[in-house]
Amino acid sequence: MKTRLLIAFAALCSISLSAQIKKPELMVFPSENWCIKNGYYTEITNMDYQQKVPAYREALQGSTDLKLAIAKINELFAAREFPLEDLEQTLKSIDQERAEDGLTMSKNGNELAESALDQISRVAKADIILELTWEINDMGPNHSLTYILEAKDAYSNKAVASVSGTGAPSLSAEVPVLLEEAIVANMDNFQNRLMDHFANMQEQGREIRLDIKVFDNNERNVDLETEFGDDELSDIIQRWMVQNTVSQRFSLKGASENHMDFTQVRIPLYDDYGVAMDAAAFAKKLQKALKKDPFNIPSKVMMKGLGRAVLVIGEK
């Protein structure tokens, strides 16, 4: 009898623990390859180089197959109880916020250097981006679908997992049907890899990048070599990073009197209120620390996507 009770208790504990495991929030995008191949892109000049940039809004407006494909991927992950952000609704939110308060403009009227993907990710705050590529193969009356589904960390833009394949020939020519037939056999393994990545982040922190810069000729006349007591400001910032990163994990890529570039910075997934922490939120913590005595240094935080922020010291 005791053995049965112990087994039942262990099973209940296992169920309770699994129910408490938080899953990453996902967002499905068409891949850059799919957008360009299907003509949904704009061309910009970057340092005299012509670059093709995905036009997600135009893709959703112009391709019913894309909307159906995203809906199917969302459905497959929703069935596995993953929280999801919708690309189309996020784009509408961006348009609304732009109209209300100039979301991407600084006080001086300068736009931030953000890609469309960075901007969407920042507003949606998904943990993982799923990029989908597919094409239909016609073989007489039969059709099959070849796909690639790649998962990237929305903060570091590093690859998390990928899966690809070709479904069995089918008489159906509908993209959602072919996509489900092609991908469903690989879903469990793909899901497990996403969960492994998120579990790693919960233990080791979320990876971001933080750049520290100095306003030229700022009103406080400070730079990163300004001394406070026996320490230069750069030393004080490094000590703050040690105290506020997860397991003191970060790398100082470069430093001078005018800049410090921190990479591979590991920050907590959530703040004290349970809200997902991004690079800008982390930078604002440092901003508040520098604003206090004995430093009294004003600074400005600029967002460049979820996973990168710039803190410019000397002025607001």
Practice task
Taking the residues in the stretch 248-272 that are more than 20 Å from the chain's Cα centre (by Cα) and free of Cβ contacts under 8 Å to residues at least 12 places away in the same chain as candidates, determine which candidate is least open to solvent (accessible area, probe 1.4 Å).
Solution key: G254
Exercise for the section: Quick one: count up the residues across the stretch 72-87 that are in a helix (DSSP H, G or I) and exposed (fewer than 15 other Cβ atoms within 10 Å of the Cβ). Expected result: 2
Fill in the blank from the handout: Expected single match for among the β-branched types (V, I, T) and within 25 Å of V246 (Cβ to Cβ) among I183, I148, I208, I136 is I208
Practice task
Enumerate the pairs (first residue in the stretch 199-215 and on the phi > 0 side of the Ramachandran plot; second residue anywhere and in a strand (DSSP E or B) and modelled with pLDDT of 95 or more) with beta-carbon separation below 8 Å, excluding pairs fewer than 6 apart on the same chain, so at least 6 apart or on different chains.
Solution key: G205/R266; G205/I267
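Against the definition (under 17 Å from the mean Cα position of the chain (by Cα) and in contact (Cβ under 8 Å) with a residue 12 or more places away in the chain), how does L224 come out, yes or no? Step through it out loud before you land on a result.
On the way: under 17 Å from the mean Cα position of the chain (by Cα): no; in contact (Cβ under 8 Å) with a residue 12 or more places away in the chain: yes.
Here the answer is no, as L224 does not meet what is asked.
Consider K291 carefully, then state whether it is surrounded by fewer than 16 Cβ atoms within 10 Å (Cβ to Cβ) and of a type in the set (D, E, K, R). Spell out the reasoning first.
On the way: surrounded by fewer than 16 Cβ atoms within 10 Å (Cβ to Cβ): yes; of a type in the set (D, E, K, R): yes.
Yes; evaluated as a whole, the condition is true for this residue.
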Exercise for the section: Determine whether A185 is at pLDDT below 95 and open to solvent by 60 Å² or more (accessible area, probe 1.4 Å). Expected result: yes
Exercise for the section: Identify the residue in the stretch 26-54 that is part of a loop (DSSP other than H, G, I, E, B) and modelled with pLDDT under 95 and, among all such residues, is most open to solvent (accessible area, probe 1.4 Å). Expected result: M47
Problem - Residue list for the stretch 281-316, filter: in contact (Cβ under 8 Å) with a residue 40 or more places away in the chain and within 16 Å of the chain's Cα centre (by Cα) - result: F282, M303, K304, G305, L306, G307, R308, A309
Practice task
Quick one: in the stretch 159-189, of everything that is part of a helix (DSSP H, G or I) and in contact with a helix residue (DSSP H, G or I) (Cβ under 8 Å, 6 or more places away or on another chain), which residue is nearest to S63 (Cα to Cα)?
Solution key: V175
Practice task
Tell me which residues, restricted to the stretch 188-197, are surrounded by fewer than 21 Cβ atoms within 10 Å (Cβ to Cβ) and touching a residue at least 12 places away in the same chain (Cβ under 8 Å).
Solution key: N189, F190, Q191, R193, M195, H197
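The values are calculated or read from the model by the stated rules, or taken from the named source; none is laboratory data. All of these numbers come straight from a predicted model, not from anything done at the bench. Heads up, the Cβs are rebuilt from the backbone with ideal geometry, glycines too, and the neighbour counts pull from every protein chain shown. Keep in mind that these areas ignore ligands, DNA and RNA; they rest on the heavy atoms of the full protein, side chains included. Shrake-Rupley method; radii C 1.70, N 1.55, O 1.52, S 1.80 Å.
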